[in-house]
Amino acid sequence: EDQVTQSPEALRLQEGESSSLNCSYTVSGLRGLFWYRQDPGKGPEFLFTLYSAGEEKEKERLKATLTKKESFLHITAPKPEDSATYLCAVHPYSSASKIIFGSGTRLSIRP
Amino acid sequence: DGGITQSPKYLFRKEGQNVTLSCEQNLNHDAMYWYRQDPGQGLRLIYYSQIVNDFQKGDIAEGYSVSREKKESFPLTVTSAQKNPTAFYLCASSNPGDDTYNQPQHFGDGTRLSIL
């Protein structure tokens, strides 16, 4: 069965304290892996798509990486405005158009 | 600006009542989706549609219905058969592009449904 697991469930960091969020997946084959940011009461905002192991994407303080079993979202020197829930989703080959979401990591950055 | 508009932002349902959530997009996307989000859980797929006048059940379709009469619109009806409808409902759309089905989904800002 295709599955996506995100860890940790919640993470509290001091401003400037770098860390990583993990997304582990089990799929028969991977078409693509997506990262989203979701603010409270809002819809998810698309951040990155990764397609193959070894690929990396960067945007401001965020960098996403991909291996054959997991993806990491690295956050460097975070600021309070980076506080949000970060969602990972995978698009398996077993499905033409359905993607599977993880339950997210709630990130809180203290000033 | 192009985007996805969901309305209303908040909705209250009485016992035995059907309610309809609106989703409109002006991104010219072919595919549209409805998800349900409960606290501490990932998004669960209710229904999706890849073209006009066609739609498929997702993982939790029971108690819900949809229509896709226009490319821009994909309304979701929460029927009285859905016994636990309190949740945050999200609509999304995507454009297959050159690599069919591998484009990111873009989301509206959701409708929060509660029971009176």
Report relative contact order for segment B:49-100 in percent, whole number only (criteria: Cα-Cα under 8 Å, sequence separation at least 6). 26 percent
With a 10 Å cut-off between alpha carbons and a GNM built on chain B, which of B:L90, B:L45, B:L21 moves the most? B:L45
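Determine the total buried accessible area between chain B and chain A, counting protein heavy atoms only with a 1.4 Å probe; round to the nearest 100 Å². Before the final figure, lay out each step's value.
Details: alone 6590 and 6220 Å², together 11030 Å².
Looking at B and A, the buried total is near 1800 Å².
Considering only protein heavy atoms and a 1.4 Å probe, what is the carbon-and-sulfur percentage of the accessible area of chain B? The partial results should precede the final answer.
Values: 2550 of 5710 Å².
Exposed carbon and sulfur together represent 45 percent of the surface.
Over the protein assembly as shown, average the accessible area per residue using a 1.4 Å probe and give it in Å², no decimals.
Numbers: 11030 Å² over 227 residues.
Computed with neighbouring chains in place, this is 49 Å² per residue.
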Within segment A:50-111, report the trypsin sites (Lys or Arg not before Pro) that DSSP leaves as loop and that have at most 16 other Cβ atoms within 10 Å. A:R61, A:K68, A:K69, A:K98
Report, ordered by chain and residue number, the aspartates and glutamates lying within cross-link reach of A:K42, taken as a straight Cα distance under 14 Å and ignoring same-chain residues fewer than 8 apart. B:D38, B:D109
Pop out a list of residues from segment A:14-61 that are at least 50 Å² less accessible with all the protein chains around than in their chain alone; 1.4 Å probe, no ligands or nucleic acids counted. A:G41, A:P44
Shape box of segment A:57-111 [Cα atoms, principal axes, largest first, Å]: 44, 19, 17
If contacts are Cα pairs under 8 angstrom and at least 6 residues apart, what is the relative contact order of segment A:6-95 in percent? 38 percent
Please report, to two decimal places, log10 I(q)/I(0) for chain A at q = 0.09, 0.23 Å⁻¹ as given by the Debye formula with identical point scatterers on the Cα atoms and no solvent. -0.21, -1.29
Wrap a convex hull around the Cα atoms of chain B, take a quarter of its surface area, and give that in square nanometres. 7.2 nm²
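Only loop residues by DSSP count here, and only those with at most 12 other Cβ atoms within 10 Å; note down the GluC sites (Glu not before Pro) in segment B:14-116 that meet that. Please report the intermediate quantities before stating the final value.
On the way: sites: B:E15, B:E24, B:E62, B:E69, B:E72; in loops: B:E15, B:E62, B:E69, B:E72.
Sparse-neighbourhood loop GluC sites (Glu not before Pro): B:E15, B:E62, B:E69.
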Hey, can you list the residues from segment A:95-110 whose accessible area shrinks by 30 Å² or more with all protein chains present, relative to the chain by itself (probe 1.4 Å, no ligands or nucleic acids)? A:A96, A:S97, A:K98, A:I99, A:F101, A:S103
Fraction of accessible area attributable to carbon and sulfur, chain A (%, probe 1.4 Å): 47 percent
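Report the per residue volume, in Å³, of the convex hull enclosing the C-alpha atoms of the protein assembly as shown.
Values: hull volume 28.6 nm³, N = 227.
That works out to 126 Å³ per residue.
Please give the average number of partner chain Cβ atoms lying within 10 Å of the Cβ of each residue in B:42-50, rounded to a whole number.
Values: counts 11, 12, 2, 6, 0, 0, 2, 1, 2.
Mean shielding count: 4.
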When the Kirkwood radius is taken over all Cα pairs of segment A:18-79, what Stokes-Einstein diffusion coefficient follows at 37 °C and 0.692 mPa s, in µm²/s? 266 µm²/s
What FRET efficiency do you get for A:S95 and B:S73 if R0 is 41 Å and r is their Cβ-Cβ distance, rounded to the nearest 0.05? 0.95
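The values are calculated or read from the model by the stated rules, or taken from the named source; none is laboratory data. Computed from a predicted model, the values in this text were never measured in an experiment. Cβ coordinates were reconstructed from backbone atoms using ideal geometry, including for glycine residues, and neighbour counts include every protein chain displayed. Please note that ligands, DNA and RNA were not included when accessible areas were found on the heavy atoms of the full protein model with its side chains. Shrake-Rupley method; radii C 1.70, N 1.55, O 1.52, S 1.80 Å.
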